[in-house]
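Novice: Before I ask anything, let me first share the structure, which is written out below as structure tokens.
The values are calculated or read from the model by the stated rules, or taken from the named source; none is laboratory data. In this text the structure is predicted, and so the values were computed from the model without any measurement. Here the Cβ is made from the backbone with ideal geometry for all residues, glycine too, and neighbour counts use every protein chain on show.
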Amino acid sequence: MTPPIAFLSMTGAQILRGGRIETGNISVREGFMRDDPIGGGPSINLAGYYILPGIIDLHGDAFEHHLAPRPTAPFPMAFGLAGTDRDAAANGVTTAWMAQSWSWEGGGRGPDFAEDFMQAHADFRDQMLTDLRIQVRCETHTVDTQDRLIAAIENYGIDYVIFNNHLDEALEIAKTHPDRIAAWAARAGRTAAEHVALVEATRDQSEQVPRYLCNLAAAFDRLAVRYGSHDDPDGHTREYYSMIGAKVCEFPTQRAAAALANTWADPVIMGAPNVVRGGSQSGNIAAVTLICDGLCDALVSDYHYPTLAQSAFALDDAGILDLAKAWAMISTRPARIMGLGDRGTIADGKRADLAIVNSTTRQIEGTMAAGRWSHLSAGLAHRLTQAAPRLRVAAE
């Protein structure tokens with residue numbers, strides 16, 4: 001892996017530090033940020049740019065498009081991971097969780113695929129510039145995979161699990177939209193009749209689900225895994241998950257679930273695309289509504305990395321949050337939720353994870369992850385190129 005920059009001082013930029021954006025200087029040394037610049041050391045003027053904490057994305061499935069741009073056109077996993085790494089970096093992301101399903105559905109969402117993906121991720125780790133991690137989206141009705149799932153979590157160092165329950169949706173679709181069931185079945189390599197039979201057999205495990213989830217919760221606590229739930233429809237559901245330790249409330253579909261999470265001090269996560277598009281694609285509660293009510297803690301890419309930065313500027317433009325507070329929802333707060341004390345803010349001794357944004361175009365022109373350039377483009381690349389001779393002389 002490319003070593004981090006030995007030393008670089010960046011001056012004249014608008015820097016988000018201490019909850020405020022002010023013009024100032026920041027130095028990077030051996031992968032960390034420092035407040036004590038070396039006199040006469042390499043320096044570049046970044047007037048006209050924001051220097052913001054690198055984005056921390058707690059949930060994204062855009063990686064699926066890199067693994068299989070079309071459902072019938074999969075690529076090698078290493079190829080897909082490399083594409084995801086570049087995609088995340090180009091959008092200012094320095095740490096990201098890829099949301100991989102562990103489901104009764106099989107196919108690309110089943111345990112076999114998930115384990116293959118975990119191994120491919122482990123093999124690719126030394127090549128990463130972005131700190132790519134895996135979030136396991138565990139379907140609640142996967143009772144017979146308990147030991148296998150716990151072993152995979154432990155063997156591959158998975159640190160984040162979210163509980164899903166799409167069974168009720170599948171049962172409803174089977175009754176009302178047989179065409180959608182046929183498409184769903186085809187993705188998993190089954191006939192519609194085989195898929196319906198699987199759904200019904202999975203439903204028969206319902207009585208075993210509560211004990212299964214509690215057993216998983218106990219294992220996750222032992223392994224220091226953070227866990228939560230996805231698409232909570234109401235306060236009762238959120239309360240249940242919170243009581244077993246699944247504290248993260250990811251994409252609540254109604255205000256009541258988010259309000260209950262707030263009462264229990266459970267972090268609420270919503271999608272940045274929801275903010276940028278002005279509402280949920282599924283007709284659920286708008287993220288902006290929860291943000292205005294103080295019921296949303298962090299924003300995630302969901303399915304589109306570019307909307308992370310765009311959502312922060314959109315909140316600022318709308319007068320809902322200033323840019324410092326809005327950017328915290330994609331950097332400082334996610335770091336706090338995941339217990340990552342070494343990143344998420346610009347401060348002395350923190351990892352040099354930075355997003356460098358053109359203040360006029362609002363385009364991310366540079367991303368630095370642990371003191372390594374993971375993305376450079378446009379004016380920033382030109383400015384660094386022009387400064388290269390001076391940087392070399394100063395370094396000598």
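Novice: Could you go through region 88-96 and let me know if any residue there is touching a residue at least 12 places away in the same chain (Cβ under 8 Å), on the phi > 0 side of the Ramachandran plot and not in a strand (DSSP E or B).
Specialist: So the first thing to find is which residues in region 88-96 are touching a residue at least 12 places away in the same chain (Cβ under 8 Å), and the list is 88-96.
Right, trim to on the phi > 0 side of the Ramachandran plot and you get 92.
Narrowing the set further to residues that are not in a strand (DSSP E or B) leaves 92.
Among the residues of region 88-96, at least one is touching a residue at least 12 places away in the same chain (Cβ under 8 Å), on the phi > 0 side of the Ramachandran plot and not in a strand (DSSP E or B), which makes the answer yes.
Novice: Restricting to region 189-231, count the residues that are of a type in the set (D, E, K, R) and either in contact with a Phe, Trp or Tyr (Cβ under 7 Å, 6 or more places away or on another chain) or not assigned by TED's automatic domain parsing to the domain that holds Gly157 (or both).
Specialist: Number of matching residues: 2.
Novice: To continue, here is another question. Looking at Leu81, Leu129, can you tell me which residue is at pLDDT 95 or above and part of a loop (DSSP other than H, G, I, E, B)?
Specialist: Residue meeting the stated conditions: Leu129.
Novice: Right, something else. If I filter region 343-359 for residues that are surrounded by fewer than 17 Cβ atoms within 10 Å (Cβ to Cβ), free of Cβ contacts under 8 Å to residues at least 40 places away in the same chain, out of contact with any Pro (no Cβ under 8 Å at 6 or more places or on another chain) and not basic (Lys, Arg), do I get at least one hit?
Specialist: no
Novice: Right, here's the next one. When you check Leu216 against the structure, is it surrounded by 22 or more Cβ atoms within 10 Å (Cβ to Cβ) and closer than 17 Å to Val143 by Cβ, yes or no?
Specialist: So Leu216 passes the test.
Novice: Quick one: would you say Ser242 is in contact with a Ser or Thr (Cβ under 8 Å, 6 or more places away or on another chain) and not basic (Lys, Arg)?
Specialist: no
Novice: Inside region 289-302, can you point out the residues that are surrounded by fewer than 18 Cβ atoms within 10 Å (Cβ to Cβ) and in a loop (DSSP other than H, G, I, E, B)? I'd like the intermediate steps shown before the answer.
Specialist: Narrowing region 289-302 to residues surrounded by fewer than 18 Cβ atoms within 10 Å (Cβ to Cβ): 289, 292-294.
Listed by number, the residues that qualify are Asp293, Gly294.
Novice: Moving on to the next point. Keeping to region 115-152, report how many residues are touching a residue at least 60 places away in the same chain (Cβ under 8 Å), acidic (Asp, Glu) and closer than 13 Å to Trp104 by Cβ.
Specialist: 1
Novice: For residues in region 137-170 being in a loop (DSSP other than H, G, I, E, B) and polar (S, T, N, Q), which is surrounded by the fewest Cβ atoms within 10 Å (Cβ to Cβ)? Spell out how you get there, then give the answer.
Specialist: Within region 137-170, the first condition is being in a loop (DSSP other than H, G, I, E, B), and the residues that meet it are 140-142, 156-159, 165-166.
Applying the additional criterion that residues be polar (S, T, N, Q) yields 140, 142, 165.
On the way: Thr140: 22, Thr142: 23, Asn165: 18.
Looking at residues that are in a loop (DSSP other than H, G, I, E, B) and polar (S, T, N, Q), I get Asn165.
Novice: Here's something else I'd like to know. If we keep just the residues of region 213-260 that are small (Gly, Ala, Ser) and part of a strand (DSSP E or B), which is farthest from Asn155 (Cα to Cα)?
Specialist: The residue in question is Ser229.
Novice: Further, regarding this structure: Restrict the check to region 104-120 and report whether at least one residue is outside any helix (DSSP H, G or I), closer than 30 Å to Gly371 by Cβ and of a type outside the set (Val, Ile, Thr).
Specialist: Checked region 104-120: no residue is outside any helix (DSSP H, G or I), closer than 30 Å to Gly371 by Cβ and of a type outside the set (Val, Ile, Thr).
Novice: Would you pick out the residues in region 1-35 that are exposed (fewer than 14 other Cβ atoms within 10 Å of the Cβ) and either without any contact (Cβ under 8 Å) to a residue 40 or more places away in the chain or under 26 Å from the mean Cα position of the chain (by Cα) (or both)?
Specialist: Met1, Thr2, Pro3, Gly18, Gly19, Arg20, Glu22, Thr23, Glu30
Novice: Which pairs do you get when a residue that is closer than 22 Å to Met1 by Cα, found in region 370-390, comes within reach of a residue that is in a helix (DSSP H, G or I) and at pLDDT below 95, reach meaning Cβ atoms under 7 angstrom, with the pair 6+ apart or on two chains?
Specialist: Hits for this filter: Leu376/Leu384.
Novice: Kindly evaluate Arg20 against the criterion of being outside the structural domain of Trp327 (by TED's automatic domain parsing) and over 16 Å from Leu354 (Cβ atoms).
Specialist: In short, yes.
Novice: Could you list, in sequence order, all residues of region 56-78 that are buried (at least 24 other Cβ atoms within 10 Å of the Cβ) and not in a helix (DSSP H, G or I)?
Specialist: Ile56, Asp57, Leu58, His59, Gly60
Novice: Now for a different question. Select, from Gly341, Gly366, the only residue that is under 24 Å from Asp35 (Cβ atoms) and assigned to a loop (DSSP other than H, G, I, E, B). Explain how you work it out, then say what you get.
Specialist: Values: Gly366 fails: assigned to a loop (DSSP other than H, G, I, E, B).
Within the list Gly341, Gly366, the selection yields Gly341.
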